[in-house]
């Protein structure tokens, strides 16, 4: 049976994986993003078994009226990196990671609603407004 497009995309992403990675992001433009990460399993209070499973999930996009996609990826990556630099524990907490990726998706989406790259970068209040559904 032929592989679906989704299976091929997952296989391609996993072919990029390296055991030293903590996170692999795949941006999908207007379809949001997918992420791959390894997880740790705590067997007892004193022993943690590190399992190199590649957990993957997706984060939904924000639907906006796009005018120009220039800079959207830069805005997304900048948002991810700023959040990770501010709190590296994000990489160990999937719920928090999903919040960061949702924030980054909002940054990328807002950037597409204006012309140009730098002038289109969103302010934090614009991002919070989109996150809150305003």
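The values are calculated or read from the model by the stated rules, or taken from the named source; none is laboratory data. All figures in this text were calculated on a predicted structure; none of them were measured in a lab. Glycine also receives a Cβ, built like all others from the backbone with ideal geometry; neighbour counts cover every protein chain displayed.
Brief remarks follow.
- Residue under evaluation residue 105, criteria (1) at pLDDT below 95; (2) under 24 Å from residue 132 (Cβ atoms); (3) in contact with a strand residue (DSSP E or B) (Cβ under 7 Å, 6 or more places away or on another chain), criterion not met: (1)
- The residues of segment 96-134 that are farther than 23 Å from residue 26 by Cβ and part of a helix (DSSP H, G or I), listed by number, are 118, 119, 124, 125, 126, 128, 129.
- All positions within segment 83-134 that are free of Cβ contacts under 8 Å to residues at least 12 places away in the same chain and closer than 15 Å to residue 67 by Cα: 119
- From 80, 59, residue being under 21 Å from residue 35 (Cα atoms), in contact with a strand residue (DSSP E or B) (Cβ under 8 Å, 6 or more places away or on another chain) and surrounded by fewer than 20 Cβ atoms within 10 Å (Cβ to Cβ): 59
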